[in-house]
Amino acid sequence: MAASGSGGSRADNGYGSQQPRRRKGPGALATAYLVIYNVVMTAGWLVIAVGLVRAYLAKGSYHSLYYSIEKPLKFFQTGALLEILHCAFGIVPSSVVLTAFQVMSRVFLTWAVTHSVKEVQSEDSVLLFVVAWTVTEIIRYSFYTFSLLNHLPYLIKWARYTLFIVLYPMGVSGELLTIYAALPFVRQSGLYSISLPNEYNFSFDYYTFLILVMISYIPIFPQLYFHMLHQRRKVLSHTEEHKKSE
Amino acid sequence: MQGRQKSSTPEHKGDLAAHGGVLSMSHNDTRSFFNFSQLGLSTGNAKSSPVLKHSKITYFEVEILDVHSKKQICIVDKVSPSSTLLDVKHKFHKACPQWYPSRVGLQLERNGPYLKDSINIQSLAVSSIITLYFTDLGQQVSWTTFFLIEYTGPLLIYLLFYIRLSTIYDQLESKKNFRHPVVHLACFCHCLHYIRHLLETLFVHKFSGGHTPLKNMIKGCAFYWGFTSWIAYYINHPRYTPPSFGHRQVSFAALAFLTCEAGNHFINVALAHQNHSGNKACFPSPTYNPFTWLFLLVSCPNYTYEVGSWISFTVMTQTLPVGIFAFLMVIQMSLWAQKKHKQYLKRFYPEVRRKAAMIPVIF
């Protein structure tokens, strides 16, 4: 799922959000660290993008491109877990719970579905969400980098608040199709499942869990999508007013 | 004719009062005439206030604006200076019947705190018109209702699982398997816990707040009812595995559970007594009852005992879901205990200083 929602509130704090409390910005050291973090992440996702393009050109088809970018994808997507710590330590003014939720859903898909169920890795739906994530993350991390340096080009801001309209549904479709493709294999192998009777009187059915995850997309996706649309209207119209007044 | 006079004079009186003391100070003649006419009419008008001479009660007007749109909703007039915010809320309710007093949140400024019901109107007034911002706090429910519903749910849900409804468990397996005594004991303990809570809500606790939003009730009920279903499913399952250390583990845990339940009860009674006698000036003190001796070590022993109950229940049934529930309760109770401990530190500094919040010595 697009983690682009978490940064929205951060950017908006400078654009007249109606919070009476003043959030102190990060100190100089924290800003420097965040700039480095965001630059590294931008670079990482660029590596993944380049890897995808090169693999496509080498193979001639867009099937099974996952294997060529498997390692950087895992590394940089897992690296996003640091963002939860950023929120927890207060150097990024986002809600810990929201950020944790978004990052964990990405990490869950990367490790608990795509990595664990090997048969799914050759599916086309994997490419769908990997491309969506790559483009989103490159724009998002460069957006953060530039806004930390206070030199945000309008193009990046526009891209961040507009491209999600296509990328977000694309990513969600890819994720759902991947989970759906993984279901029969999970059922067959009994992956990550415990059944009764056992000493601790606990049971867990991963198959049912995945189905519940898929169902949970139904209420959550529209909410996040419309939230981003709302942010878009707020941020992009603000800039137009700002420009008019100049 | 008297009727006509009756109807005209209140307006006249209101008019003068609305302009505050300004008119009366500059127009002494008008004031003395007013007093004279008042005297004349007070004999006929039984409902007139005993205001005869020097009637300088400045009635306030409370203007209520919507906090988001800043539009005026209504003006509550004729508010006497000795009345409280609650009286204003009642008058507002008469004007706008859809917002009953407990649902109304009034602030002095748009981002300020909500004003308490007991606040005096006089203390708010800067002029004769007071402007307050109104927020609809949403559907409210009283604390008693809240707790009754929240605790009745788990009681009934657990019993539904205990009787092994055919829709939940496979009937064949249910009939076949012998039920270990710990399952019966667990049911008894669980019911005891919630019946005790219900009885305490009805007869012991005295709630200070009054109301809470409906959303809170739904969240609380979802949490308790959901977890009770989950734990009841496993404990009453035909394939339930009894604890590894057998009868010794069960008896020890059951004893601990009963001790914690008794302790919790006595602490709640002690706190309620203190509230009732109005003696909030000092921290509750331990009595001859050994269960209250925990007051010496800890500032919120009721949470300690509650946590103890759930941990003993976990050990007694040896069920991981109960453990998860107990863990979440520990976190929740610790947060509440910490908040309360901070309040106690402010109010009863010397006594509470060396006490822990919830777990003796440690936290």
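Among the residues of the range A:197-217, which ones have their accessible area go down by 40 Å² or more when all the protein chains sit together, as opposed to their chain alone (1.4 Å probe)? Checking the loss per residue gives A:197, A:199, A:200, A:201, A:202.
Solvent exposure of residue A:208, expressed as accessible area, is near 70 Å², computed with a probe of 1.4 Å over the protein chains only. A simple packing score, the average count of other Cβ atoms within 10 Å per residue, orders the peptides B:346-353, B:178-185, A:112-119 as A:112-119, B:178-185, B:346-353, with the highest score first. Global size of the range B:110-153: 16.4, 51 Å for Rg and Dmax (C-alpha atoms, Rg to one decimal, Dmax whole).
Any idea of the total accessible area buried by the B-A contact, 1.4 Å probe, rounded to 100 Å²?
Details: alone 21110 and 13510 Å², together 33640 Å².
For chain B against chain A, roughly 1000 Å² becomes buried.
Over all orientations, the protein assembly as shown has a Cα convex hull whose mean projected area works out to 42.1 square nanometres. Centre-to-centre, using Cα atoms only, the range A:190-246 and the range A:111-168 are separated by 15 Å.
Which value, in Å² and to the nearest 10, is the accessible area of residue A:104 when all protein chains are kept and the probe is 1.4 Å? Estimated to the nearest 10 Å², residue A:104 gives 100 Å².
Kirkwood radius, the range B:243-362, all distinct C-alpha pairs, inverse of mean reciprocal distance: 15.2 Å.
What do you reckon, how do A:89, A:146, A:101 stack up by accessible area (1.4 Å probe), largest on top? Intermediate values should be presented prior to the final figure.
Details: A:89 165, A:146 75, A:101 95 Å².
Per-residue accessible area, sorted high to low, gives A:89, A:101, A:146.
Please work out the average accessible area per residue across the range A:28-233, using the 1.4 Å probe convention, and give it in Å². Walk me through the intermediate numbers first.
Values: 10230 Å² over 206 residues.
Averaged over the residues of the range A:28-233, the accessible area is 50 Å².
Once the partner protein chains are put back, the range B:226-258 shows a loss of at least 40 square angstrom of accessible area, versus the chain by itself, at B:234, B:239, B:241 (probe 1.4 Å, ligands and nucleic acids excluded). On a per residue basis, the range B:243-362 carries 54 Å² of accessible surface, using protein heavy atoms and a 1.4 Å probe.
Might you report the magnitude of the Cβ-based charge dipole of the range B:243-362 about its Cα centre, with Lys and Arg at +1 and Asp and Glu at -1, to the nearest 20 debye?
Details: 10 positive and 3 negative charges, 113 e Å.
Taking the Cα centre of the range B:243-362 as origin, the dipole is about 540 debye.
Ranking B:350, A:226, A:28 by how far each Cα lies toward the positive end of the dipole of the protein assembly as shown (charges on Cβ) leaves B:350 at the top.
Can you pull the semi-axes for the range B:139-241, root of five times each eigenvalue of the Cα gyration tensor, sorted largest first, whole Å?
Each semi-axis is √(5λ); the values are 32, 15, 8 Å.
The dipole here belongs to chain A: it is taken about the Cα centre, uses +1 on the Cβ of Lys and Arg and -1 on the Cβ of Asp and Glu, and is about 800 debye. These residues, B:359, B:157, go from largest to smallest accessible area, 1.4 Å probe, as B:359, B:157. A simple count of charges around residue B:164, restricted to other residues whose Cβ falls under 14 Å of its Cβ and scoring Lys, Arg +1 and Asp, Glu -1, yields +2.
Determine the per residue accessible area of the range B:60-138 with all protein chains present and a 1.4 angstrom probe, expressed in square angstrom. All intermediate terms of the calculation are to be shown ahead of the outcome.
Details: 4280 Å² over 79 residues.
Value returned for the range B:60-138: 54 Å² of accessible area per residue.
Mind putting a number on the dipole of the protein assembly as shown about its Cα centre? Charges go on the C-beta only, +1 for Lys and Arg and -1 for Asp and Glu, and I need it in Debye to the nearest 20. Intermediate values should be presented prior to the final figure.
Values: 55 positive and 31 negative charges, 243 e Å.
My answer is approximately 1160 debye.
When the surface is traced with a 1.4 Å probe over the full set of protein chains, residue A:86 keeps roughly 10 Å² accessible.
Charge tally for residue B:87 (other residues, Cβ to Cβ under 12 Å; Lys, Arg +1; Asp, Glu -1): +3. Among B:141, B:129, B:115, flag the residue with its Cα farthest along the positive direction of the charge dipole of the range B:75-150, charges on Cβ as +1 for Lys/Arg and -1 for Asp/Glu. With unit charges placed on the Cβ atoms, the residue in question is B:129. Can you give me the % of accessible surface on the range A:164-206 that is carbon or sulfur? Probe 1.4 Å, all protein chains present, nothing else counted. Carbon and sulfur: 67 percent of the exposed surface of the range A:164-206. If you average the C-alpha positions of the range B:264-321 and of the range B:56-90 separately, how far apart do those two centres end up, in angstrom? What the calculation gives is 43 Å, centre to centre. Our summary gives the range B:243-362 a relative contact order of 32 percent, counting only alpha carbon pairs under 8 angstrom and 6 or more residues apart.
Ordering B:194, A:154, A:192 by accessible surface, largest first, gives A:192, A:154, B:194; the 1.4 Å probe counts only protein heavy atoms, with every chain in place.
So what is the relative contact order of the range B:139-241, in percent, for Cα pairs below 8 Å that sit 6 or more residues apart?
Numbers: 81 pairs, mean separation 60.5, N = 103.
Relative contact order here is 59 percent.
Apolar share of the accessible surface for the range B:139-241: 69 percent from carbon plus sulfur atoms, 1.4 Å probe. Put simply, the C-alpha atoms of the range B:60-138 give a gyration tensor, and the ellipsoid matching it has half-axes of 17, 14, 12 Å, longest first.
Dividing the convex hull volume of the alpha-carbon atoms in chain A by its residue count gives 153 Å³ per residue.
Our coupling estimate for the range B:282-288, obtained by passing each phi through the Karplus curve with A = 6.51, B = -1.76, C = 1.60 and θ = phi - 60°, is 9, 4, x, 9, x, 10, 5 Hz, Gly and Pro reported as x.
Give the total of Lys-Lys pairs in chain A with Cα-Cα distances below 16 Å; include a pair only if its members are 8 or more places apart or on different chains. Could you put the intermediate results ahead of the total?
On the way: A:71/A:118; A:74/A:118; A:157/A:234; A:157/A:243; A:234/A:243; A:234/A:244.
Count of close lysine pairs: 6.
The values are calculated or read from the model by the stated rules, or taken from the named source; none is laboratory data. Every value quoted in this text rests on a predicted model; they were computed, and no experiment measured them. Backbone-built Cβ (ideal geometry, glycine too); neighbour counts: all protein chains shown. Heads up: the accessible areas ignore ligands, DNA and RNA and are worked out on the full protein's heavy atoms, side chains in. Shrake-Rupley method; radii C 1.70, N 1.55, O 1.52, S 1.80 Å.
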